[in-house]
Amino acid sequence: MEEKQGRWTASKKAEVVLRLLRGESVDAVSRECEVTVEALHRWRENFIAAGIAGLKGKTLEQVRIAALEKKIGQQAMELELHEKKDQFLRTRGGGSSR
């Protein structure tokens with residue numbers, strides 16, 4: 001019964017979970033959306049644990065790792081830009097920016 005209307009997207013699951021978090025009855029939402037109560041409880045737990053990423057099947061740890069990898073990538077780009085700037089200034093005789 002969980003997927004009566006087809007595959008549920010993360011954003012649709014989030015809409016349903018938010019209804020539950022606002023206090024709507026789990027039984028009523030289950031009947032209306034044709035989703036099992038167990039599935040709704042799982043969606044709510046996943047959402048609370050990891051936000052929308054949790055509804056896409058990602059764990060909180062995976063979300064944190066992805067955020068850290070993004071930050072590392074940004075810092076690597078900044079470092080490369082600073083190095084190129086320093087190299088340019090040295091070739092022009094302008095000294096170092098540090």
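Laid out as a table, the results:
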| quantity | calculated |
| --- | --- |
| FRET E, pair Lys84, Arg64, Förster distance 25 Å, beta-carbon r, rounded to 0.05 | 0.20 |
| Global geometry of segment 1-58, whether rounded, prolate or oblate, following the gyration tensor of its Cα atoms and the 1.5 cut on a/c | oblate |
| Computed E for Ile52/Val29 - FRET, C-beta separation, R0 30 angstrom, nearest 0.05 | 0.95 |
| Table column - 3J(HN,Hα) (Hz), segment 35-44, Karplus curve with 6.51, -1.76, 1.60, x for Gly and Pro | 10, 5, 4, 4, 5, 4, 4, 5, 4, 5 |
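No lab work stands behind these numbers, since they all come straight from the coordinates. The model shown is predicted, which means the values in this text are computed figures rather than measured ones. We place every Cβ from the backbone using ideal geometry, glycine too, and count neighbours over all the protein chains shown.
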